[in-house]
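Colleague: Have a look at the structure that comes next, please.
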Amino acid sequence: MKRILFILFVSLLPVCMQAQIWVATDGSDKNPGSAASPKASLQAALRQAREMRRLQDPAAAHGIRIVLHGGVYTLPEPVFIRPEDAGTAESPLSIEAAAGEQPVLSGGVAVTGWKKVSGTVPGLPAASKGAVWVADAPMRGDDVLDFRQLYINDRKAVRARDRNGDSMNRILSWDHAKEQCWIPTPRVPSLLTAPGLEMLIHQWWAIAVLRVKKVEVYGDSTRLSFHQPESRIQSEHPWPAPWLSQQTGNSAFYLTNAIQLLDEAGEWFLDKQQRKVYYRPLPGEDMSKESVIVPFLETLLRIEGTAENPVTNVHIRNISFKHSTWLRPSQQGHVPLQAGMYMLDAYKLKVPGTPDKKGLENQAWIGRQPAAVQLSYVSHTSFIGCRFSELGATGIDYRKGTYLDYMAGCVFTNISGTAIQAGVFSEEAFETHLPYKPADERELCRNLIIRNNLVHATANEDWGCPGISAGYVQGIQIQHNELRELPYSGICVGWGWTQTVNAMRNNRIESNYIHHYAKHMYDVAGIYTLSAQPGSVIAGNRIDSIYNAPYAHIPTHWFYLYTDEGTANYTVKDNWCPAEKFLQNANGPDNVWTNNGPQVADSVKQAAGLEATWLLLLQTVPAVRSQQAINEVPVEKAR
């Protein structure tokens with residue numbers, strides 16, 4: 001509460017008391033940064049602020065306020081806020097939108113010069129002939145710019161794929177020894193020679209993206225081989241593996257990224273060899289007039305200090321972040337363990353057991369996806385009223401060493417992965433099942449408040465990413481957020497799969513509204529936890545409307561609340577949901593469950609989600625209109 005009151009105090013400081021640096025898209029970095037003569041870039045404004053602090057300019061005594069006019073600021077590189085830029089409690093740094101305006105920090109580039117294809121394009125399906133447009137691909141130096149997303153008037157277009165909508169095929173089998181997969185023979189024979197072909201496979205609680213190396217057709221069956229390193233990791237790691245079941249069906253998949261698959265309106269394909277972008281417009285789209293953006297930067301904003309010299313007292317308000325990319329799947333594939341954390345190495349142990357867990361039968365080392373906004377070694381920072389959309393991996397990530405930070409009133413939508421991520425999960429050199437407890441707690445994410453944010457339609461590529469995901473965190477408060485239209489779980493807190501006391505404690509997940517989730521994946525819950533977390537609480541949340549996922553490995557494996565392996569020392573109370581469908585899997589000691597289910601008072605149900613001040617956020621995204629079926633369970637059968 002002290003943190004919130006301080007931010008309110010800073011926001012109410014009279015503008016006349018703070019030094020002001022103005023920025024406009026039609027300004028110049030040679031200008032002094034006044035309201036009448038603004039800078040052109042945030043980077044130049046930060047440099048000016050840095051010099052004011054270095055020279056101890058009296059004008060900065062009560063803070064520095066960088067004000068951005070509306071418009072799109074295309075970034076040539078990530079904005080980097082360093083300790084030298086940081087403020088103090090008495091003289092904070094504020095970066096904010098001009099009143100009533102909407103500045104956008106964009107990592108994208110425009111694709112222009114669209115023309116309707118008139119000649120023959122090798123491999124283009126007959127159904128698309130005469131309906132496809134082409135443009136020169138953007139360049140990065142002497143090379144074509146690679147990208148995995150394309151946005152038309154802020155709408156994410158579909159990368160060409162063999163099955164349309166949410167439809168998928170089923171694999172026939174998986175040969176782990178030979179690292180190969182058998183599938184029904186595609187109806188497109190020319191895929192045998194399609195460069196860049198990829199396979200997305202659905203397996204339990206995660207997907208994998210595999211670059212296809214070779215396609216071999218044997219009548220009605222086809223064998224796929226894959227590039228390294230994902231080929232080895234995909235076939236060696238045991239969890240989550242391809243699903244094979246006569247009862248519920250084998251793992252679903254689709255093929256993507258080939259001109260031969262561009263057979264439906266709304267699809268696109270990047271031909272890197274010919275340096276061309278192809279797109280088949282939707283009805284009513286005129287490609288000579290539409291705005292087309294592809295992402296260029298993986299990270300738009302870095303705020304980073306050190307343990308000894310953190311970045312402090314930086315406050316960002318009403319700024320939009322758009323058009324980040326993530327290219328690892330195109331370069332090394334993507335095989336996640338859980339929550340989008342991709343495996344660098346993973347395999348099954350011939351002799352089970354580790355020092356922490358005698359029965360553990362597998363090992364894994366993970367990497368972490370980039371984020372549009374990344375914070376490390378910061379304290380007393382805030383993001384208020386910001387918008388994160390059209391992003392290629394994670395929205396915002398409090399990666400490491402953060403203390404007493406605050407986020408409120410932000411909207412997250414149209415993101416390929418997780419919206420909000422926090423805390424260390426595992427370092428790349430640290431086996432991911434070992435309990436993490438650093439000697440220096442300054443490495444941890446501590447006392448982060450995530451309150452009154454809206455997460456809508458995220459994880460639209462990596463379906464295994466939660467809406468809000470936290471690893472080894474202390475004192476995190478995730479309160480009064482609304483999360484909806486998600487392919488997997490809503491809020492996940494914890495890592496390690498261990499009952500051993502570790503770095504986590506005193507975490508609170510309270511009064512959130514989570515609904516319309518599990519569109520694609522199962523082994524899922526509105527709120528999910530892992531490992532021992534002394535002093536932690538899940539209370540007053542409202543959870544409902546779990547989708548009936550069409551390709552779930554076990555159709556009944558969905559839950560409202562799910563305390564998974566090692567979860568210990570949690571109080572779970574007064575959470576409203578339509579039925580008592582919960583899972584407590586291999587939990588540790590001292591969990592207390594009290595009064596959870598449909599009997600919880602309506603007052604708790606009504607108080608969950610966005611508080612009154614922030615309900616206007618709901619008007620900034622589309623309403624939930626999905627026709628996908630919702631699971632229903634009679635109360636007496638839900639336990």
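The values are calculated or read from the model by the stated rules, or taken from the named source; none is laboratory data. As the structure is a computational prediction, the values presented were derived from the model and not from experiment. Virtual Cβ from ideal backbone geometry, glycine too; neighbours counted across all protein chains shown. Remember, those area values only see protein heavy atoms, side chains included, never the ligands or the DNA or RNA. Shrake-Rupley method; radii C 1.70, N 1.55, O 1.52, S 1.80 Å.
Colleague: Could you please let me know if F383 is buried (at least 22 other Cβ atoms within 10 Å of the Cβ), within 23 Å of P103 (Cβ to Cβ) and free of Cβ contacts under 8 Å to residues at least 60 places away in the same chain?
Modeller: no
Colleague: Ok, one more. Among the residues of the stretch 141-177, write down those that are open to solvent by 60 Å² or more (accessible area, probe 1.4 Å) and part of a strand (DSSP E or B).
Modeller: Of everything in the stretch 141-177, those that are open to solvent by 60 Å² or more (accessible area, probe 1.4 Å) and part of a strand (DSSP E or B) turn out to be D143, R155, V158, R170.
Colleague: Of the numbered conditions (1) touching a helix residue (DSSP H, G or I) at 6+ places or on another chain (Cβ under 7 Å); (2) within 29 Å of A372 (Cβ to Cβ), V111 satisfies every one except a single condition; which is it?
Modeller: (1)
Colleague: Then there is this: For the stretch 554-570, give me each residue that is surrounded by fewer than 16 Cβ atoms within 10 Å (Cβ to Cβ) and without any contact (Cβ under 8 Å) to a residue 40 or more places away in the chain.
Modeller: Answer for the stretch 554-570, where residues must be surrounded by fewer than 16 Cβ atoms within 10 Å (Cβ to Cβ) and without any contact (Cβ under 8 Å) to a residue 40 or more places away in the chain: just T556.
Colleague: For residues that are open to solvent by 30 Å² or more (accessible area, probe 1.4 Å) and farther than 20 Å from P336 by Cα, tally how many sit in the stretch 239-252.
Modeller: 3
Colleague: Answer yes or no: is there a residue in the stretch 386-395 that is aliphatic (A, V, I, L, M), open to solvent by less than 10 Å² (accessible area, probe 1.4 Å) and within 25 Å of N257 (Cα to Cα).
Modeller: yes
Colleague: Now, a different point. Can you list residue pairs whose Cβ atoms sit under 7 Å apart, with the first residue in the stretch 143-167 being at positive phi and the second being assigned to a strand (DSSP E or B) and at pLDDT 95 or above? Count only pairs 6 or more apart in sequence or on different chains.
Modeller: D154/E390
Colleague: Given the criteria at positive phi and in contact (Cβ under 8 Å) with a residue 60 or more places away in the chain, does H323 qualify?
Modeller: For H323, the condition - at positive phi and in contact (Cβ under 8 Å) with a residue 60 or more places away in the chain - is met.
Colleague: For the stretch 194-236, give me each residue that is within 18 Å of Y254 (Cβ to Cβ), touching a Leu at 6+ places or on another chain (Cβ under 8 Å) and among the polar types (S, T, N, Q).
Modeller: Listed by number, the residues that qualify are S221, Q234.
Colleague: Continuing with this model, one more query. When only residues in the stretch 571-606 that are of a type in the set (A, V, I, L, M) and surrounded by 16 or more Cβ atoms within 10 Å (Cβ to Cβ) count, which is farthest from G490 (Cα to Cα)?
Modeller: Restricting to residues being of a type in the set (A, V, I, L, M) and surrounded by 16 or more Cβ atoms within 10 Å (Cβ to Cβ), the top hit is V600.
Colleague: While we're here: If I ask for residues that are touching a strand residue (DSSP E or B) at 6+ places or on another chain (Cβ under 6 Å) and assigned to a loop (DSSP other than H, G, I, E, B), which ones from the stretch 525-540 would you list?
Modeller: G540
Colleague: Also, I was wondering about something else. Checking Y406 against (1) modelled with pLDDT under 95; (2) touching a strand residue (DSSP E or B) at 6+ places or on another chain (Cβ under 6 Å), which test does it fail?
Modeller: The one condition Y406 does not meet is (1).
Colleague: With Y551, Y522 as the choices, which residue is touching a His at 6+ places or on another chain (Cβ under 6 Å), open to solvent by 10 Å² or more (accessible area, probe 1.4 Å), of a type outside the set (S, T, N, Q) and not in a strand (DSSP E or B)?
Modeller: Y551
Colleague: When only residues in the stretch 99-140 that are in contact with a Phe, Trp or Tyr (Cβ under 7 Å, 6 or more places away or on another chain) and exposed (fewer than 14 other Cβ atoms within 10 Å of the Cβ) count, which is farthest from T74 (Cα to Cα)?
Modeller: Here the answer is K116.
Colleague: Kindly indicate whether any position in the stretch 624-636 is among the hydrophobic types (A, V, I, L, M, F, W, C), open to solvent by 10 Å² or more (accessible area, probe 1.4 Å), free of Cβ contacts under 8 Å to residues at least 40 places away in the same chain and closer than 26 Å to F412 by Cβ.
Modeller: no
Colleague: Here are some residues: N591, N595. Which one is on the phi > 0 side of the Ramachandran plot and at pLDDT 95 or above?
Modeller: That would be N595, the only listed residue that is on the phi > 0 side of the Ramachandran plot and at pLDDT 95 or above.
Colleague: Among the strands (runs of 3 or more DSSP E) confined wholly to the stretch 437-499, which include 2 or more residues that are open to solvent by 10 Å² or more (accessible area, probe 1.4 Å) and of a type in the set (S, T, N, Q)?
Modeller: Where strands (runs of 3 or more DSSP E) fall fully within the stretch 437-499 and carry at least 2 residues being open to solvent by 10 Å² or more (accessible area, probe 1.4 Å) and of a type in the set (S, T, N, Q), they are 477-479.
Colleague: Now for a different question. Out of E298, E236, E267, E304, report the one residue that is under 25 Å from H202 (Cβ atoms), within 28 Å of the chain's Cα centre (by Cα) and open to solvent by 50 Å² or more (accessible area, probe 1.4 Å).
Modeller: Testing whether each residue is under 25 Å from H202 (Cβ atoms), within 28 Å of the chain's Cα centre (by Cα) and open to solvent by 50 Å² or more (accessible area, probe 1.4 Å) leaves just E236.
Colleague: For the stretch 376-412: of the residues being among the β-branched types (V, I, T) and in a strand (DSSP E or B), which is farthest from the chain's Cα centre (by Cα)?
Modeller: The selected residue is V378.
Colleague: Output the residue which, of all residues in the stretch 554-594 that are in a loop (DSSP other than H, G, I, E, B), among the charged types (D, E, K, R) and more than 26 Å from the chain's Cα centre (by Cα), is farthest from E482 (Cα to Cα).
Modeller: The qualifying residue farthest from E482 (Cα to Cα) is D590.
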